[in-house]
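Worksheet for the structure shown next.
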Amino acid sequence: MKAILAKGYILALDQGTTSSRAIVFDRQGQVAAMAQQEFRQLFPHPGWVEHDANDIWRTQYAVAREVLSKLHLTPQQISAIGIANQRETTVLWDRKTGEPVANAIVWQDRRTATRCAELQEGGQAQRVQKKTGLRFDAYFSGSKIEWLLDHVPGVRDRAERGELAFGTVDSWLIWKLTGGRLHVTDASNASRTQLFNILDMRWDAELLALFNIPASVLPQVVPSSGVIGETDASLFGAPLRIAGVAGDQQAATFGQACYSPGMAKNTYGTGCFMLMNTGTAAVSSQFKLLTTVAWAGPALSGAAPRELANTCYALEGSVFMGGATIQWLRDGLEIIQSAQEVEALASRVADTDDVYLVPAFAGLGTPHWDSRARAALVGMTRGTSRAHIARAALESIALQVADVFSAMNSDSRIALSELRVDGGACHNNLLMQIQADLLGVPVVRPVVTETTALGAAYLAGLATGFWSGADEVAEQWRIDRRFEPLLSHAGREAKQARWHQAVERSKAWVNG
Ligand code: ADP
């Protein structure tokens, strides 16, 4: 009996943009317990977004301990830790003291937008996209590291002397979890730095030179699934194996069991992120999608633990304002008091009466990549009510996702037959129905929507033999609800044509 009870759980750390969460999963992939803490968002200048990396660590460690104590679990009952993290956010710290040299620059931060626009205009964009899968954008870590090296006094010299370590949030957490013994990052996170060649799976000397970054700051790249080390014994009373690491969107794709080429998921969180598994092919996008490492791992192929093997790639589309559009209705317009209320309000009207909201509050992502676009609300008449605006807001989320979906179909030349969904806003049934109508294929919501943490748990549990293989975890995926498209083909086309007219009106609004 004791042997059966032993190591019956996986601890997943889900380090997000606004909160740190820890979830314990059982062998059936069910949530046994969860703890969550929000942390400070720092906005020192317009367009700048920072986190204190020590806040990230403190809250993540606190929730990990809290969730273990909720279930009265001892370290002996945990098979492994899996980590999923907000991506691209850049931390630079002193290798000796472990102290960050400055606040972390968050993925949403636009301070390097001008620098990146210059690079994108230059002659190298196409070649760099081939190597990294990315376009030049302030979103990715490379220009953020360069900024820290150039603007924080003394930092460039210290970096040149080998005294500093760079990491995305996974690296930082693993460094803290191992008492500074490991400076690593997984391949999915590395693929978001714009310094990593996703074809030969190495840091790229040309890109390091372009951003003027010394190679000495870089972490070692490790598999997403594989035992990479142990936590310092003092943290949880005994060492715990760290066996799964992936960026949050890649982890969610894994948690959605999208294991075969052509399977895709969309997460409806603050933003919307659609990833489609393209298998061993790094598909170079013609339609402004990103190409990214989905995961790499010996647990999926039987290679040695620290070896990079069996890389799986994905195409990705990013919508900046997803659920955040609903936050704007709540906090900006104040026409609802909670995000949940939007469904009832939007249901008061049968359609938007030709009103369109283009939520380009922070520019437009895929497929436009227009950082000068700004939000527009068009088509209003004296009959327009807040219900119409609420419905237009929901439609705007689904219309943006539909644009990404069609780019994905075109790039991959695979007609996606369904879309798996997760994230906070996927619980809105009206939104999901509108989405199915606009895609023309079913939208499928699983029972467990904590797919980010679940994916990290799966990556870890597959590496330690907690689960036998991808087939076993894929079996655990269960449908909660399937939304079938009801709108006619002509109706869908008319809606999209009108939406694209509205999008044109929002483009290139601000100068410079
Ligand atoms: P993140 O992980 O990015 O913080 P979550 O997955 O927790 O996001 O989802 C929160 C987002 O979902 C918020 O932007 C919120 O406005 C939106 N949201 C939550 N519930 C609903 C709902 N019922 N309808 C529409 N949007 C919702």
request  = Please give the FRET efficiency for T74 paired with S19, using the beta carbon to beta carbon distance and R0 = 30 Å, rounded to the nearest 0.05.
outcome  = 0.70
remark   = Contour minus Cα-Cα span, Q120 to A490, at 0.36 nm per residue, comes to 129.4 nm
query = Taking a probe of 1.4 angstrom, what is the accessible area of T17 in Å², to the nearest 10?
reply = 30 Å²
key: From phi via Karplus (6.51, -1.76, 1.60), per-residue ³J(HN,Hα) for the range 47-60 in Hz, x at Gly/Pro   = x, 9, 9, 10, 10, 7, 4, 5, 4, 4, 5, 4, 5, 5
key: Of all DSSP beta bridges in the chain, antiparallel share, percent nearest 5   = 70 percent
inquiry  = Please report the accessible area of Y61 (heavy atoms, 1.4 Å probe, ligands and nucleic acids excluded) in Å², nearest 10.
reply    = 50 Å²
request  = Please work out the average accessible area per residue across the chain, using the 1.4 Å probe convention, and give it in Å².
outcome  = 38 Å²
note = Quick calc: nm separation of the 7 Å Cα→Cβ label points for R65 and R498 -> 5.6 nm
request  = Report the relative contact order of the range 359-512, percent, no decimals, based on alpha-carbon pairs under 8 angstrom and at least 6 residues apart.
outcome  = 29 percent
inquiry  = For the full complex of protein chains and a 1.4 angstrom probe, list R192, R156, R127, R478 by accessible area with the highest value first.
reply    = R478, R127, R156, R192
query = Counting each DSSP H run of 4 or more residues in the chain as -39500 (n - 2.57), what helix-only mean residue ellipticity at 222 nm follows after dividing by all residues, to the nearest 500 deg cm²/dmol?
reply = -10000 deg cm²/dmol
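Around E230, under 10 Å between beta carbons, what's the net of Lys plus Arg minus Asp minus Glu among the other residues?
Numbers: positive: R181, R241; negative: D232.
So the environment of E230 carries a net charge of +1.
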request  = Quantify, in whole percent, the carbon and sulfur part of the accessible surface of the range 347-494 (1.4 Å probe; protein heavy atoms only).
outcome  = 47 percent
remark   = Within the chain, pairs of Lys residues whose Cα atoms are less than 30 angstrom apart, provided they are eight or more positions apart or on distinct chains, add up to 24
request  = Give, in nm to one decimal, the length gained when the segment between N212 and A339 is fully stretched (0.36 nm per residue of separation minus the Cα-Cα distance).
outcome  = 41.4 nm
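Within 13 Å, Cβ to Cβ, of L208, how many net charges do the neighbouring residues add up to if Lys/Arg are +1 and Asp/Glu are -1?
Values: positive: K131, R202; negative: E146, E160, D204, E206.
The answer is -2.
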message = From the phi angles alone, apply the Karplus equation (6.51, -1.76, 1.60; θ = phi - 60°) to the range 86-103 and give each ³J(HN,Hα) in whole Hz, x where the residue is Gly or Pro.
response = 4, 9, 6, 4, 10, 10, 10, 9, 7, 5, 7, 8, x, 8, x, 7, 6, 5
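Which whole-number percentage describes the relative contact order of the chain, with Cα contacts under 8 Å and a sequence gap of 6 or more?
Computed over the chain, the figure is 15 percent.
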note = Taking Cα pairs closer than 8 Å and at least 6 residues apart, the relative contact order of the range 81-207 in percent is 30 percent
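Please compute the net charge surrounding S385, taking Lys and Arg as +1 and Asp and Glu as -1 over other residues with Cβ under 13 Å from its Cβ.
In short, +2.
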remark   = Note, the range 283-296: 3J(HN,Hα) by Karplus (6.51, -1.76, 1.60, θ = phi - 60°), whole Hz, Gly/Pro = x, goes 6, 7, 7, 9, 10, 6, 8, 9, 10, 9, 6, 6, 6, 9
task = Could you tell me how many degrees, from 0 to 90 and to the nearest 10, lie between the Cα long axis of helix 429-439 and the main elongation axis, the longest principal axis, of the Cα atoms of the chain?
result = 80 degrees
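The values are calculated or read from the model by the stated rules, or taken from the named source; none is laboratory data. Note that the coordinates shown come from a computational prediction; the quantities given were computed from them, not determined experimentally. Glycine gets a Cβ as well: all are built from the backbone with ideal geometry, and neighbour counts include every protein chain shown. Keep in mind that these areas ignore ligands, DNA and RNA; they rest on the heavy atoms of the full protein, side chains included. Shrake-Rupley method; radii C 1.70, N 1.55, O 1.52, S 1.80 Å.
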